[in-house]
Structures are given as structure tokens and as C-alpha cells.
Amino acid sequence: MFEHKDGNPVLDLTDDQSWHLVDNTRHGRLVVSVAGEPDIFPVNYVTAARKIYLRTAPGNKLAQLTINDAVLFEADGVLSDEAWSVVVRGKARVLNTSADLAPVEELGLQSWVPTLKDFYVEIVPASVSGRHFQLGQQPEREI
């Protein structure tokens, strides 16, 4: 997927490489924190213009990101011989005007489970970091 130089099994990805992976994945995890207590939620999502969009229902996730809009979003993938992980730090906001909702509704984001998820959330990134891994056995330690 990516070329690793000097045989290093860990590659730090560029922003463009990281966004390529996030743009082509549809599941991730949203991390929120309220009063110093972190919480994590699996989500499905779509991207557009380097922003992340997800849908949710009333509950802990919605309440927590409304109280503290600073979030982490993580998407990853694992294949037989390689893996990757991308973390996006940013601010989340619930979209609530028709001007905000109209273009997002056109992205076709559907809930994976048969529940009502009437709230759209937008994550505006402050930073993105990604790493790609070539999988293999741990090498023998030199004595």
C-alpha cells in the first residue's frame, strides 16, 4: 500500500496519505471526554472536504460531544501483512440548520443498525496523524 524506506516496518503517513485512508473507510471510533472521563463509540461515517460526518441518536455520545466539543476520531485497517491507523483531532458540532444539513444529507450517510439517528455531527479537524505498519514477527534481540 505504501513504500517503507530503509526496511522500517513503521511509516509515518503524510496528511494526504492519512486522508486517503480515512476517505476510503466507513467505520471508526469517536472518542469524547467529559469531566476528564474518556468514552469511545464505534461509528460509521462519511467524509467530504476533509471533514468527517456521522449520525447519532439522543444519548451519551450526543450529550458528551455537546458538553465538550473536543474529540478524537480514529479509523484503521488490518490486512494479512499490513495495517494502518489514522487519528484525527478536532472539534465536533451538531448540524442543526437546513443550510448545514442539506449538503450532508446528499452524502448518503445511512445508519448501519435499524435505529433512528436524527442528528448529524460534523468533525472539523485540527490535526491528522497516521501510521502504516508492515506486519511480521518480532526480530531476535541482539545480545
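The table below gives the values:
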read-out: Subset of the stretch 29-87 that is part of a strand (DSSP E or B) and basic (Lys, Arg) - its residue that is farthest from Met1 (Cα to Cα); value: Arg55
read-out: Given (1) more than 15 Å from the chain's Cα centre (by Cα); (2) within 19 Å of Val31 (Cα to Cα), number of the condition Glu140 does not satisfy; value: (2)
read-out: Residue identified as modelled with pLDDT under 95 and in contact with a Lys or Arg (Cβ under 7 Å, 6 or more places away or on another chain) among Ser111, Ser127, Ser98, Ser80; value: Ser111
read-out: The stretch 18-31, subset touching a residue at least 40 places away in the same chain (Cβ under 8 Å) and either in contact with an Asp or Glu (Cβ under 9 Å, 6 or more places away or on another chain) or surrounded by fewer than 18 Cβ atoms within 10 Å (Cβ to Cβ) (or both), residue nearest to Val128 (Cα to Cα); value: Leu21
read-out: Residue selected from the stretch 32-51 under the condition surrounded by 16 or more Cβ atoms within 10 Å (Cβ to Cβ) and among the aliphatic types (A, V, I, L, M), by the criterion farthest from Glu105 (Cα to Cα); value: Val32
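The values are calculated or read from the model by the stated rules, or taken from the named source; none is laboratory data. Values in this document were obtained by computation on a predicted structure and should not be read as measured data. Neighbour counts run over all protein chains shown; Cβ positions are idealised from the backbone, glycine included.
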